[in-house]
Amino acid sequence: MLIDQERLKADLRTLTSLQRLFHYFKPYRFQWVIAVLALLAVHVVEAAIPIYLKVGIDLISKQDENILLPILAILGLTAVRFAILHFGRRKNALISIYISYDLRQEFYAHLQTLGRGFYANYQLGDLIARATNDMESIRRFFRSAVHRLVSLIGVALIAPIFMVQQSVQLTLLLIPLLLVIAANGWYLAGRILLASAGVQVGFGALTETVQQNLKGIRTIQSHAQEEREIKHFTGVSHRYALAHQKLINLNAIFTASTVLGSGLMTLIVVGVGGSQVLAGQMSVGTLTAFIFYLAMILGVIKESSFVVYALLNASTAATRVFEIVDEKPEIQDAPAGSSAQPINGEIAVYDLSYSYPVGAGVRSRLVLEEISLSISPGEMIAIIGRVGSGKSTLLRLLARQLQSNSGQIKVDGQDLRDIPLSHLRQNLSFVPQDTFLFAAPISENISFDNPERPLELIWQAARAAQLEATIDKFSAGLSTLIGERGVTLSGGQKQRTSLARGLIRQTPILLLDDCFSALDTKTEALVLSQLRAIRNGLTTVLVSHRLLATRYVDRIYILEQGRIVEAGSHNELIGQNGYYAKLVSMQD
Ligand SMILES: Nc1ncnc2c1ncn2[C@@H]1O[C@H](COP(=O)(O)OP(=O)(O)O)[C@@H](O)[C@H]1O
Ligand SMILES: [Mg+2]
């Protein structure tokens with residue numbers, strides 16, 4: 001998670017992510033134009049106030065008591081200013097909420113399309129940081145910074161016109177100082193950008209650490225590693241604090257230097273303007289009005305540090321968010337217009353080879369080599385092989401969670417790549433090796449794909465997975481909450497719940513990936529003995545590193561180091577007296 005400094009610098013120059021962010025304004029552009037016009041109008045009204053102030057003060061200095069008109073004018077203008085400001089700010093804040101909502105929706109929806117490879121490359125904490133912290137930076141930018149930016153530009157355009165009206169000479173005197181302040185701001189902005197990227201990376205690391213720690217808290221405690229964890233956290237936390245400190249230092253320098261500039265400008269105006277008043281070349285009212293305009297400019301210059309910070313912060317945040325939004329799903333859906341034909345469950349695999357993408361610490365080597373197999377609709381097949389022989393990889397390819405490098409997979413004669421993904425996944429259930437259960441009632445975990453299913457069907461699936469006795473023991477029955485705040489299931493119970501989730505769907509194809517591994521032999525035999533009846537006429541592929549399953553299936557494929565070394569029924573393979581026969585005699 002190193003920051004790509006070069007890319008960030010390039011970003012600073014072009015601010016491409018920021019430009020892209022502004023596309024999200026499009027749906028709201030008319031509303032936004034109204035908001036901007038209102039915020040600009042605020043400054044026009046604001047700039048009119050000193051005119052009446054000047055009239056009032058000049059009347060007072062002439063001992064004239066007729067100042068009711070300027071007072072009423074100032075009161076009226078202030079009220080109008082308040083009303084427009086409220087309207088503009090509110091509108092702008094609402095738009096910022098809409099925009100960040102849209103972006104968050106897009107981000108989240110995109111995450112749903114990304115596959116195994118993507119999730120292997122990104123840490124969860126980092127992704128969460130992007131979805132929360134970065135998203136918040138962007139919203140803050142649209143809410144406060146955009147509005148202040150409009151003020152900045154508005155005041156920069158309006159105030160000088162009024163200043164020149166009061167005194168050309170004083171205005172010209174201030175210009176060099178303003179240029180110095182602007183140059184200084186630009187220089188510091190670059191450094192602030194890098195520092196704020198550092199803070200965001202630090203936040204990602206912090207989230208990741210906390211998450212890992214909480215996920216593994218039981219292991220940490222049982223190994224008495226709390227001290228080491230705290231030490232590790234301290235390191236991460238310390239780096240985050242340091243990154244923050246750097247950013248705060250830069251921001252402080254920025255703010256302090258603008259304050260210094262402001263002071264100098266005030267000094268010039270009071271010094272030069274004051275002596276002109278004394279010499280009778282300028283009225284007190286004019287000087288007061290001028291100081292008022294100067295204050296307007298100084299006010300926004302002070303705020304500009306915030307604008308620069310929020311702008312750059314949003315730019316890095318947007319870069320990080322768009323990095324995810326731009327990730328292409330590894331699994332491309334079938335070309336548009338591909339038909340979703342009914343699936344009967346015939347599977348044919350030709351010369352299928354696969355190697356995982358080369359990544360950190362992973363060499364490119366074939367995990368599967370020239371696999372060919374053919375399964376008729378309704379058959380029950382076992383794929384047997386040692387741990388690491390490639391069984392899970394083969395099932396992932398069949399389920400199109402992975403894309404094969406060479407060879408072909410056909411379902412009902414149709415290339416897997418031409419079947420729309422959602423159609424395939426409606427017709428194929430995959431019970432993975434590593435079970436995942438939601439923190440939800442057990443019934444919702446079983447009937448995950450369809451919360452409306454009748455209870456009787458849920459019981460049926462539970463029975464088929466040998467889960468009935470377990471559920472009966474819970475007083476809340478099927479409504480028993482499992483997971484974080486509910487009951488903790490044993491490994492075998494979890495596996496059976498996950499199995500029930502796959503069985504209940506009654507899809508034409510069911511892939512079971514070693515999902516009896518945590519069951520005792522007796523329970524496994526019970527599940528297997530009923531499986532054929534439940535899956536009657538439906539294709540079932542079950543993977544196992546144990547041999548029990550082979551007695552219940554039509555055909556067995558033996559997978560050894562990514563190759564199919566033997567295939568046939570239990571009796572045929574025993575007759576061949578080869579690899580399988582040896583395995584059986586070893587287990588007996
Ligand atoms: N995501 C991955 N990236 C790289 N290699 C992997 C990945 N998943 C599995 N492998 C490797 O592929 C081989 C086959 O793994 P797998 O299909 O899980 O075997 P099995 O399910 O038979 O135990 C193993 O050597 C494993 O290390
Ligand atoms: Mg496996």
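A short reminder: the numbers here are calculations on the coordinates, not readings from a lab. This is a predicted model, so every value here is computed, not measured. Using ideal geometry, Cβ is built from the backbone for each residue, glycine included, and neighbour counts are taken over all protein chains shown.
Here is the list for region 398-483: GluC sites (Glu not before Pro) lying in DSSP coil, each with at most 16 other C-beta atoms within 10 angstrom of its C-beta, are E452.
Against the chain, whose longest principal axis is taken from its Cα atoms, helix 226-268 shows a tilt of about 20°. In this simple spin-label model, placing a label point 7 Å from the Cα along the Cα-to-Cβ direction at both D554 and S479 gives a separation of 4.3 nm. What do you get for the angle between helix 521-534 and the principal long axis of the chain? Use alpha-carbon atoms, 0 to 90 degrees, nearest ten. Between helix and principal axis, roughly 90 degrees.
Computed extension length for L157-T521: 122.9 nm, one decimal, from 0.36 nm per residue of separation with the Cα-Cα distance subtracted.
Length available on full extension from T16 to K302: 0.36 nm per residue minus the Cα-Cα distance, which gives 100.3 nm. The angle between the Cα long axis of helix 168-215 and the longest principal axis of the Cα atoms of the chain comes to about 20 degrees, rounded to the nearest 10. Annotation for region 350-405: trypsin sites (Lys or Arg not before Pro) lying in DSSP loop with at most 16 further Cβ atoms inside 10 Å of their Cβ are R363, R365, R386. Summing charges over all other residues whose Cβ lies under 11 Å from the Cβ of R396, with Lys and Arg as +1 and Asp and Glu as -1, gives +2. Secondary structure note: in region 432-588, about 50% of the DSSP beta bridges are antiparallel.
The relative contact order of the chain comes to 15 percent, based on Cα pairs under 8 Å that sit 6 or more residues apart. In plain terms, the chain from R546 to F82 could stretch by 159.3 nm, reckoned as 0.36 nm per residue minus the Cα-Cα distance. The label point for A295 and the one for N121, both projected 7 Å from the Cα toward the Cβ, are 5.6 nm apart. Taken along the Cα-to-beta-carbon direction at a fixed 7 Å, the label points for A131 and T234 span 3.3 nm. For the chain, how big is the tail of P(r) above 45 Å, as a whole percent of Cα pairs? Pairs farther apart than 45 Å: 42 percent. Measuring r between the beta carbons of R365 and K582 and using R0 = 25 Å, the FRET efficiency lands at 0.45. For region 232-338, the square roots of the Cα gyration tensor eigenvalues, ordered a ≥ b ≥ c, give a/c of at least 1.5 with a/b no greater than b/c, which places it in the oblate category.
Beta-bridge orientation, the chain: approximately 45 percent antiparallel, per DSSP, counting only bridges with both partners inside.
Using the alpha-carbon positions of region 433-510, Rg (one decimal) and Dmax (whole number) come out as 11.3, 35 Å. Once divided by 2.2 N^0.38 Å, the Cα radius of gyration of region 5-325 becomes 1.28. A simple charge model with +1 on the Cβ of Lys and Arg, -1 on the Cβ of Asp and Glu and nothing else charged puts the dipole of region 5-325 at about 660 debye relative to its Cα centre. Suppose R0 equals 56 Å; then what is the FRET efficiency for Q506 and L75 from their Cβ-Cβ distance, rounded to the nearest 0.05? Efficiency at R0 = 56 Å is approximately 0.15. Using the Cβ-Cβ distance between V277 and I97 with R0 set to 56 Å, the FRET efficiency from 1/(1 + (r/R0)^6) comes to roughly 0.70.
Peptides 343-351, 219-227 ordered by packing proxy, namely the average of other Cβ atoms within 10 Å per residue, highest first: 343-351, 219-227.
Listed by chain and number, the lysines whose C-alpha is less than 26 Å from the C-alpha of K26, apart from same-chain residues fewer than 8 away, are K91, K328. Average projection, convex hull of the Cα set of region 374-483: 9.2 square nanometres.
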